[in-house]
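The values are calculated or read from the model by the stated rules, or taken from the named source; none is laboratory data. Keep in mind it's a predicted model, so treat the numbers as computed, not measured. Glycine gets a Cβ as well: all are built from the backbone with ideal geometry, and neighbour counts include every protein chain shown. With ligands, DNA and RNA removed, areas are computed over all heavy atoms of the protein, side chains included. Shrake-Rupley method; radii C 1.70, N 1.55, O 1.52, S 1.80 Å.
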Amino acid sequence: NNNNDNNNTMKQLTIHWFRQTDLRLHDNPALHQTVQLSKRNGVLPVFVFDTTRIYGSNVTSPTGCQKCGPRRAQFVIEAVKDLRETLHKRGSGLVVGVGSPEDVLARIATAAIGTNGGNTDNDGGIHVRIVCQEEVCSEELATEKAVRSSLSRSMTKGGTFQMETVWGSTLYDPDALPFDSGVFGIPDTFTPFRIKVEKSCEIGKPLDVPAEGELALPKDAVDESTRLGTFLAEDGNTRTGDESSTAGSGDH
């Protein structure tokens, strides 16, 4: 993280980065954390079609198989479209980029710093906070590392960033497991695991969809929606102008 003691005096941009397995508003721990951190100052939701690791036509697995065929691509497109429409109905939106997450998120952060005018005598700059779901597989972890590195390089005078991942992929909270070494102490067979967990743990209640107004777009993001569409399109990634990449500005 690129953080300092002046974050309390800085303007804040809170970004929620939707990934691949969390395209929903209900029971989404990472989104819940985003809302808590934003303190009703606005949330900018973002999704990236990662053509460098998943959705590119030439992206293959180590065995040579295409990672994303037409059926998977159509499914994800429909899921993102549904997410975008759901967010729009709640007064929010969704910035959709195509390319690598590290490039798209860094460009958003850079644009936010540029919109704010950098660090001036009249303000303390801007602090960009990104929240996303925590993942465990090697490619996802490599993507997170690339995002942090790209953000660190893109921060200029007047800009800092913080990236937080939130676990949300299991019925039971890993920290609540009744084993001496936590997840590393899980028995090798299912029955001993089931008996101890059923006796000692409770499945948490699903989290509600964020309340009205909690997902409102940041004020500057509404004013700069065309700008967002433009800078995301410089590499041919999205539409520009009236066909901005922000949700609610068109059905693409």
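Among residues of the stretch 196-216 that are free of Cβ contacts under 8 Å to residues at least 40 places away in the same chain, those with a Cβ under 8 angstrom from a residue that is open to solvent by 50 Å² or more (accessible area, probe 1.4 Å) and in a helix (DSSP H, G or I), sequence gap 6+ or separate chain, pair up as Cys201/Ala176. Could you count how many residues in the stretch 146-171 are surrounded by 15 or more Cβ atoms within 10 Å (Cβ to Cβ) and hydroxyl-bearing (Ser, Thr, Tyr)? The number of residues fulfilling the criteria is 4. Just one of (1) under 30 Å from Ala216 (Cβ atoms); (2) open to solvent by 60 Å² or more (accessible area, probe 1.4 Å); (3) in a helix (DSSP H, G or I) fails for His26. It is (3).
With respect to the conditions (1) farther than 24 Å from Val96 by Cβ; (2) modelled with pLDDT under 95; (3) assigned to a helix (DSSP H, G or I), Glu202 lacks only one, and its number is (3).
For Arg107, the stated conditions hold: it is charged (D, E, K, R), within 22 Å of Phe161 (Cβ to Cβ) and part of a helix (DSSP H, G or I). I'm checking my understanding of the structure. Among residues of the stretch 177-191 that are in a helix (DSSP H, G or I) and open to solvent by 60 Å² or more (accessible area, probe 1.4 Å), which one is modelled with the lowest pLDDT? Out of the qualifying residues, it is Val183.
Among the residues of the stretch 43-75, those that are buried (at least 17 other Cβ atoms within 10 Å of the Cβ) and under 19 Å from Gln133 (Cα atoms) comprise Val43, Leu44, Pro45, Val46, Phe47, Val48, Phe49, Asp50, Ile54.
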